[in-house]
Amino acid sequence: MAGKIRVTVWNEFRHEKTDKVVADVYPEGIHGQIASFLGAEEDIVTRTATLDEAEHGLTEEVLDETDVLIWWGHMAHGEVKDEIVDRVQKRILNGMGLIVLHSGHFSKIFRRMMGSNCSLKWREAGERERLWVVDPGHPIAAGLGEFFEIPHVEMYGELFDIPKPDATVFISWFQGGEVFRSGVAYHRGKGKVFYFRPGHETFPIYYQAEVQQVLKNAVRWAAPVAGPYTDLSRAPNYKANETFTVSE
Ligand code: ZN
């Protein structure tokens, strides 16, 4: 296990329990499918956590062993306890990576990290999406072509109310004419945050090779790097260096 990137895949895990269509697409849950293809990588080890577990499965102990947290939520954002959001935010500021998927754009943790409303346009018509790589040198685009397509998706359109990204890796075009910044990257404190649009629960999107490639790349990009230790989760209590004196 040593040296591997430790990924916790979090899912609210509600649609799969109540909707047969979703359960047929994701019999092990969306989290189960994502943990499965990521965990097959040599340098990644995965675990899962869900909303209905104690502390939503995100105890201090679990987060101690998490390098990158992946977040999928949709119908129950409001049920996520604020104290858990505080806890996750603190971890991110101190270096844990966060990857937010699809309808997670309205999750408490994503809005907290963005500081904006994160609203967007949407339409459920099963149309085609073409994701253009607009930052081909970015590590999250590694191994992809100029673009890739997903045959049937829920459309998300601009305006996406997010702060200006540090990097925009993908811009999507939809059959209906809309466009969307579908892969955006941020630095927050010592941590990295990546939002990736694809992943509607009724389509088998997390089985598609290019989508899986993006998530593998994103995990490796978002993993913490060794650096000077500074606890960025607290306001700094900064004292002047005592050995530094100002001469008159
Ligand atoms: Zn959706």
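Some notes on this structure:
- Summary of the geometry: segment 71-131 and segment 40-67, compared by the centres of their Cα atoms, lie 17 Å apart.
- The lysines within cross-link reach of residue 190, meaning a Cα-to-Cα straight distance under 27 Å and a gap of 8 or more places when in the same chain, are 4, 81, 90, 108, 164, 216, 239.
- Summed side-chain charge close to residue 194 - residues other than residue 194 whose Cβ falls under 13 Å, Lys, Arg +1, Asp, Glu -1: +4
- What the chain shows is 48 Å² of accessible area per residue, with the surface traced by a 1.4 Å probe over protein heavy atoms.
- If the chain linking residue 4 and residue 43 were pulled fully straight, counting 0.36 nm for each residue of separation and taking away their Cα-Cα distance, it would gain 13.6 nm.
- Per-atom-type breakdown for the chain gives carbon and sulfur 52% of the accessible area (1.4 Å probe, protein chains only).
- Residue ranges 13-21, 170-178 sort as 170-178, 13-21 when ordered by packing (mean number of other C-beta atoms within 10 Å per residue, highest first).
- From most to least packed by mean Cβ count within 10 Å, the peptides 72-81, 193-202 give 193-202, 72-81.
- Contact order for segment 6-109, expressed relative to its length and based on alpha carbon pairs under 8 Å spaced 6+ residues apart, stands at 32 percent.
- Shape category assigned to the chain from the gyration tensor of Cα positions, a/c cut at 1.5: prolate
- Note on residue 60 and residue 125: the model spin-label points, each 7 Å out from Cα along the C-beta direction, lie 5.1 nm apart.
- Relative contact order (percent, whole number), the chain, Cα cutoff 8 Å, 6+ residue spacing: 20
- Tensor-based shape of segment 1-116 (alpha-carbon gyration tensor, a/c under 1.5 rounded, otherwise prolate or oblate): oblate
The values are calculated or read from the model by the stated rules, or taken from the named source; none is laboratory data. These numbers come from a predicted model, not from an experiment. In this analysis, Cβ positions are derived from the backbone assuming ideal geometry, glycine residues included, and neighbour counts consider all displayed protein chains. Areas reflect the complete protein model, heavy atoms only, side chains present, ligands, DNA and RNA absent. Shrake-Rupley method; radii C 1.70, N 1.55, O 1.52, S 1.80 Å.
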